[in-house]
2 protein chains.
Amino acid sequence: MSNNHLIRQAHLFRTLMHPARLAILEALRDGEECVCHLEAHLGYRQAYISQQLAVLRKAKLIVDRRDGLNVFYRIARPDILTLLDITRAMVGGSVSADLRAAKAVDCPCPKCAGSLVPSAAALP
Amino acid sequence: MSNNHLIRQAHLFRTLMHPARLAILEALRDGEECVCHLEAHLGYRQAYISQQLAVLRKAKLIVDRRDGLNVFYRIARPDILTLLDITRAMVGGSVSADLRAAKAVDCPCPKCAGSLVPSAAALP
DNA sequence: TTGATTTATGCAGGAATTTGAATATAGTAT
DNA sequence: ATACTATATTCAAATTCCTGCATAAATCAA
C-alpha cells in the first residue's frame, strides 16, 4: 500500500492551511514581490511574514531572489495558482479581485516606488 | 479587506490535511461505500474511521445515507475530486491506481457481498 | 424486551503548531 | 569600521490537534 502519495498530498494541504500563507500566495499571483511589499500590503509584522515565507519556501511553493537589500519572492510552480482558483470557487467568491485592488501600498523597495504617485516626502 | 474567503479556503485545506481523510475520499471516488467497507479497505479501526468521517461530514465534503444497519457515505461535491487529482499530480504519481486495485476486501455489508468470490465461511 | 450489530461521540494524554519577542545575519552606505 | 536597513532565525508559551479508549446511540432480530 503506497500511501506516500497521500502523505505528500497531506503535507501540501497542510502548507496551505493558513490564511496568512494563502494571502501571501495571492499577493504573489501577478509576479514577484519583495518582503517589504508583502509586509505593507498584508499588514502583518515583518518577522511573521518571514516565518510564513519560510514555511512556503521549505515546501518549495515559492522561491526567493536577492537584489541588494531586498529579497523578492515568487511562486515556484504555477499549478499552485490553479489550486487556489479551484478552492476559491468552492468556497464562493471570485479570484482575488479584492486583494489585487488594494495593491497600491506604500512600500520603499525600488520596484514598488515607481508604481506610486509621488509621496509628500519626495516633494520639496 | 475581505479575508473571509481566505479563512474558508484555509479551513478546506485543513480538512484535507490528513492522509487518512485523503484515503477515505479516494476510497469514495467511484461511488458510495459503507463504513464497514472503509474499515476493511483502509485498515483503520472503526472508531477512528468514524471520527475522520465526522470531520469530512462537518466540512460538508461527504454526505451519509442510512440503509438499515449500514451507513453509506459518498462525496458531496465532485470538484473535491478535481482538487485531489491536481494535488496528486503535483506530488507525483497517477491518480489512485494502487488504491483502487486493492478494492476487493472482505466486507459484510450487502453491497460488498456480491463483488466477492464466495468465502470459505459461505460454503458447507 | 433482550441481545447483537453497526456506527457515532466524549474525553484525556501527548504531540505538533502557531504566535510573538528577541536576536542574528546579510547587504549597503558613510 | 560603524551604522543602518532588510530579512531570517531561534526560543518559549499557549493554543490546537491528533490519537486511542471507553461508551453511547441507532437499527434489526427473536
Estimate for me the total accessible surface buried between chains B and A (protein heavy atoms, probe 1.4 Å, no ligands or nucleic acids), in Å² to the nearest 100. 3300
Would you rank B:Cys36, A:Cys34 by solvent-accessible area, highest first, keeping every protein chain in place and using a 1.4 Å probe? B:Cys36, A:Cys34
Cα gyration tensor, the range A:1-50 - rounded (a/c under 1.5), prolate or oblate: prolate
Under 15 Å from the Cβ of A:Tyr44, count the other residues' Cβ atoms, weight Lys and Arg +1, Asp and Glu -1, and hand me the total. -1
Partner shielding of A:19-30, as the mean number of partner chain Cβ atoms within 10 Å, equals 3
Distance (nanometres) between label positions extended 7 Å along Cα→Cβ at A:Asp79 and B:Asp64: 3.5
Taking θ = phi - 60°, what integer Hz values does the Karplus form 6.51 cos²θ - 1.76 cosθ + 1.60 yield along the range B:4-17, in sequence order, with x for Gly and Pro? 4, 4, 4, 5, 5, 4, 4, 4, 4, 5, 4, 5, 8, 7
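The values are calculated or read from the model by the stated rules, or taken from the named source; none is laboratory data. Note that the structure is predicted; figures quoted are calculated from it, not measured. For neighbour counting, all protein chains shown are included, and Cβ atoms are generated from backbone atoms with ideal geometry for every residue, glycine included. Just the protein is used for accessible areas: all its heavy atoms, side chains included, with ligands, DNA and RNA removed. Shrake-Rupley method; radii C 1.70, N 1.55, O 1.52, S 1.80 Å.
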